[in-house]
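One structure is given here, and the rest of the page talks about it.
Taken together, the values in this text are just the output of simple stated rules run on the coordinates, not laboratory data. Bear in mind the structure is a predicted one, so any value in this text is a computation, not a measurement. Note: ideal-geometry Cβ built from the backbone for every residue, glycine included; neighbour counts use all protein chains shown.
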Amino acid sequence: MEAMLVDCVHNSLRHFVYKNAIFMCERLCAEFPSEVNLQLLATSYLQNNQAYSAYHLLKGTQMAQSRYLFALSCFQMDLLNEAESALCPVNEPGAEIPNGAAGHYLLGLIYKYTDRRKNAAQQFKLSLTIDPLLWAAYEELCILGAAEEATAVFGETAALSIQKQYMQQLSTSLGLNTYNEERNSTSTKNTSSEDYSPRQSKHTQSHGLKDISGNFHSHAINGSVSNMSFYNTPSPVAAQLSGVAPPPLFRNFQPAVANQNSLITDNSPKSTVNSTLQAPRRKFVDEGKLRKISGRLFSDSGPRRSSRLSADSGANTNSSAATVSGNVSNASKYLGGSKLSSLALRSVTLRKGHSWANENIDEGVRGEPFDDSRPNTASTIGSMASNDAKFCDQEDETMLTAGTAMSAQRITIGVSEILSLLRILGEGCRLSYMYRCQEALDMYMKLPHKHHNTGWVLSQVGKAYFELIDYLEAEKAFRLARQASPYCLEGMDIYSTVLYHLKEDMKLSYLAQELISTDRLAPQSWCAMGNCYSLQKDHETALKNFLRAVQLNPRFAYAHTLCGHE
């Protein structure tokens, strides 16, 4: 029940049905009260913008994740001292900051808003050391004027750190996959080495299906599963006639066309039995090696006795199913009756297109003694099967190593591409906050076309032109940013000021109305509305709009600036 409730909550959060997530998580905490479940409920509250609920829920908790969520709720409620105490307990001066890079970033914001700039910069640098892809920390360093050059921050050290993290994840996933495969192969060996009854075979099939369903996800991740059936439904007639259980389930088997040459085409009951037993089965993946093995096994035996016996259509036409079943046991007795011989027979049955056991059935029907000219056939089959299994294990290891190398190469290429992009963006951002605007523009021009024409970059370009008092170019850049991301409000407060300086009252009025309709709770919207009224010389209403922006976000610095101007 607990697992089902947790899964329901996660599904609701994933689909943004926060009301259902909160309700079901309350049921979860009532039935199974634990701090881990309280964390899930607090997460639901935070995602539903109910920081006060998460605050009261987690107050006094001690687990690392609980402390992080409590600090986050305190930060959203502007209780910065409590947030700092949750991340850095006073009674534990050397305690580790929870949640790694995210925890250090949150602590850096707390230090920044409590006017401890050096401590804030130190925390942002620590978060970047842990996670070099935490762009928000680097942007905060740029705002503080404490950012190093982007080539140093997103250089070789960052590349090695990211590669190490992803390689650890890769090795963990591969280790889990290998463990699942070993467990699956072990269960397969155990089931194939035992003598079967029909009841045992039914039990074995159910276990095999469980193993397959348990391992399906890991195989699908590695791309080894592609629209293939995982098991071959055995013929019920064959199972009844032979007394031998159908082969165990192998996930590596692929559909194959039946070997037409091995089918007997006469109309005798014996041929009917053989055709039933020799129904299309799954071949092993590497068929080339198996043809070589079968050639070595049967090269000295001359024509197959099953084909010679098929000419005698009058022999044993009234053989019953019980006789056939009994003769199978006689054939196994000729081979020694041991588990090793039955394992060898089943190995060949699984790896060839037609069943080796069928030949023994024909021999039993005919009642011929065992051919002494091949005294070591069973041992030969067993050794060849074991050699083939070893070869396949070596092949699997080689493929696994090749896959790991390929994944490592992809990780290296991906990390290199991401960091080369971040170096350009980071350097442009750093130069912008240092008011070296022309250098920042030159840096942004180095970006690929598809990245340059995004809302964030075009907004940064517009800000740079605004600082250079090139309002026409700034207006053009902001207009393109609006076209690229009409839903994004980043830099729209500066855009409204650009239109104010250009005396574009119609464009400014239209922009203000659009922003208000997009988000009434964004300070940028009320800054644009205030600029619109200021352009119309209605200073009292303009000031009210600027104060509304300050009320919505007291940390929005440009709203305070516009209030001062007004």
Practice task
Report the normalised scattering of the stretch 480-566 as log10 I(q)/I(0) at q = 0.17, 0.19, 0.20 Å⁻¹, calculated by the Debye formula with identical scatterers on the alpha carbons.
Solution key: -0.59, -0.74, -0.82
Exercise for the section: Please work out the Cα center distance from the stretch 52-103 to the stretch 1-37, rounded to the nearest Å. Expected result: 22 Å
Fill in the blank from the handout: Burial-style ranking of 111-119, 456-464, 138-146, average other-beta-carbon count within 10 Å with highest first, yields 456-464, 138-146, 111-119
Fill in the blank from the handout: The FRET efficiency for ASP115 and ARG436, from their Cβ-Cβ distance with R0 = 25 Å and rounded to 0.05, is 0.45
Exercise for the section: Just subtract the alpha-carbon distance of ASP538 and MET506 from 0.36 nm times their residue separation and send over the number in nm, one decimal. Expected result: 9.9 nm
Completion exercise
For the GLN47, ILE469 Cβ pair and Förster radius 56 Å, calculated FRET efficiency rounded to 0.05 is 0.85
Exercise for the section: Count the net charge of all other residues whose Cβ sits under 12 Å from the Cβ of ASP470, scoring Lys and Arg as +1 and Asp and Glu as -1. Expected result: -1
Exercise for the section: Work out how far the C-alpha atoms of the stretch 98-163 reach from end to end along every principal axis, then list the three figures in whole Å, largest first. Expected result: 35, 27, 14
Practice task
May I ask for the distance between the Cα centers of the stretch 114-131 and the stretch 427-483, given as a whole number of Å?
Solution key: 26 Å
Handout entry: Ranked by how many other beta carbons lie within 10 Å on average, peptides 526-539, 154-167 from highest
Key = 526-539, 154-167
Problem - Radius of gyration and Dmax over the Cα atoms of the stretch 441-483, both given in Å - result: 9.5, 27
Practice task
Once you've got the Cα coordinates, tell me which of LYS125/LYS450; LYS476/LYS507; LYS463/LYS544 are over 18 Å apart.
Solution key: LYS125/LYS450; LYS463/LYS544
Exercise for the section: For the stretch 54-115, count all C-alpha to C-alpha pairs, find those more than 20 Å apart, and express that count as a whole percent of the total. Expected result: 14 percent
Exercise for the section: Scale the Cα Rg of the stretch 1-135 by the rule-of-thumb value 2.2 N^0.38 Å and send over the ratio, two decimals. Expected result: 1.11
Handout entry: Estimated distance in nm for a label pair at ALA64 and HIS15, the labels positioned 7 Å out from Cα along Cα-to-Cβ
Key = 3.3 nm
Exercise for the section: Would you calculate the separation in nanometres between label points at THR157 and ALA405, each defined as 7 Å from the Cα along the Cα-to-beta-carbon direction? Expected result: 3.2 nm
